[in-house]
1. For segment A:77-96, name all the residues that are touching a residue at least 60 places away in the same chain (Cβ under 8 Å) and buried (at least 18 other Cβ atoms within 10 Å of the Cβ).
2. Among the listed residues B:Q117, B:Q89, identify the single one that is within 13 Å of chain A (Cβ to nearest Cβ) and at pLDDT 95 or above.
3. Could you list all residues from segment A:92-112 that are hydrophobic (A, V, I, L, M, F, W, C) and within 11 Å of chain B (Cβ to nearest Cβ)?
4. Right, B:V156: of a type in the set (A, V, I, L, M), within 23 Å of B:K69 (Cα to Cα) and free of Cβ contacts under 8 Å to residues at least 40 places away in the same chain or not?
5. Looking only at residues that are surrounded by fewer than 16 Cβ atoms within 10 Å (Cβ to Cβ), assigned to a helix (DSSP H, G or I) and small (G, A, S) in segment B:23-68, which one is farthest from the chain's Cα centre (by Cα)?
6. Tell me which of these B:P82 doesn't satisfy, since it passes every other one: (1) under 30 Å from B:I173 (Cα atoms); (2) of a type outside the set (A, V, I, L, M, F, W, C); (3) within 14 Å of chain A (Cβ to nearest Cβ).
7. Among residues belonging to segment A:148-183 that are assigned to a loop (DSSP other than H, G, I, E, B) and within 10 Å of another protein chain (Cβ to nearest Cβ), point out the one that is farthest from the chain's Cα centre (by Cα).
2 protein chains.
Amino acid sequence: MARPQTDIEAGREHLLEVVDDLVRKRGAADISMTDLAAAAGMSPSNLYRFFENRDALLEAVAERFFAEKVKIMEEVTAADLPVREKMFQFFGRRFELMVKQYEAEPDLLKSYLEIGQQHFEVVRGYVDLGDHYLALIVAEAMEQGYFEGLSIDETVSLINQMMQCYTNPEAIIYIGTAKLKVEKLARIVDTVFVGLNSKAFEVPAVETHIKIVS
Amino acid sequence: MARPQTDIEAGREHLLEVVDDLVRKRGAADISMTDLAAAAGMSPSNLYRFFENRDALLEAVAERFFAEKVKIMEEVTAADLPVREKMFQFFGRRFELMVKQYEAEPDLLKSYLEIGQQHFEVVRGYVDLGDHYLALIVAEAMEQGYFEGLSIDETVSLINQMMQCYTNPEAIIYIGTAKLKVEKLARIVDTVFVGLNSKAFEVPAVETHIKIVS
């Protein structure tokens, strides 16, 4: 794909701001190309110069929504930091960004989350990208002896589950920032580094046989 | 409050089944006393013999929804089990119950979750009750040297956050039972027992200074 011309890029950026305004006004209701053209004061055929169809528009909306998070993940994984601090920043910086976005415009974030649920096929790539970057940090930690006896995939999945409150923007809404604190996030990262390995079952002094009795 | 008569109790139980049917048909839409009386084929004044008002009805719906979970929490905390197995069963048995409920009637569970969100004041008591029982297990573990340097409240809050995927029924819907497994839950419980304490920061061999660089 050829690199878009600068005026096309500027036009797209402006149109994505018009999308923001439409979402502010109308919530998560579907936005058609006709709606967007009208709101931007241009003809539908002109709009198609910027986004060839509605899918391209949705992808651009998602790209813009995730841009800062992707940048954080790139920066953190490339940084020269101890691996435990890397993981803390990997989750902590994105969490703080979400809190900032939520506090600035809670309804706008909620509406975009709803749009994301309606079009999860567009969001999935970003979820996978997050797993990819987390796997890089996990692999680095494994070289230092952490997460012994577990595979990278198992470790990524378990960490994602334990960190769910700090990665799922819905959690900010239903748990609230009074309970979700970056200090707690740091404590959970530490718990993960110290406690997550296949030997946990072998720690003495407690009964390790785990089963469900019905 | 006097113990309700048996025919009143039987009538309530029947009416709560009628509520299930109304929720199956209409989803989370508000159910008025008039609606329920009509669906049950009784006069509104007769309905008030069983539930003195709509709040009493909502409380009865919540009580029935949480009854089995409360029973599990009572049983597990009273059981003569090693504390780590107690915590595993505390979360694992309720998780398996939710999965069973979800797989039996996903739409009914979703609708009740929505109703619970609309009337969170009724749900809050059950959330607090869960914290109370978890605090009993945490206190028992602390007597055995776990969670060193943390308060009971801090520990309960951190464990709730790390176990969120397995306690929040919404997670079954948006993460799915392909990823949420009782074996992973057991691994997270072990991670919590081994890794959650105030000394995690002091573990050698990794940089422990944690801050966000912006």
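The values are calculated or read from the model by the stated rules, or taken from the named source; none is laboratory data. None of these values were measured; they are calculated from a predicted model. Glycine gets a Cβ as well: all are built from the backbone with ideal geometry, and neighbour counts include every protein chain shown.
1. Listed by number, the residues that qualify are A:T77, A:V83, A:R84, A:M87, A:F88, A:F91, A:G92, A:R94, A:F95.
2. Being within 13 Å of chain A (Cβ to nearest Cβ) and at pLDDT 95 or above holds for just one of B:Q117, B:Q89, which is B:Q89.
3. As a first pass, look at segment A:92-112 and keep what is hydrophobic (A, V, I, L, M, F, W, C): A:95, A:97-99, A:104, A:108-109.
Within segment A:92-112, A:F95, A:L97 qualify.
4. So B:V156 fits the description; yes.
5. B:S45
6. Condition (1) is where B:P82 drops out.
7. A:L150
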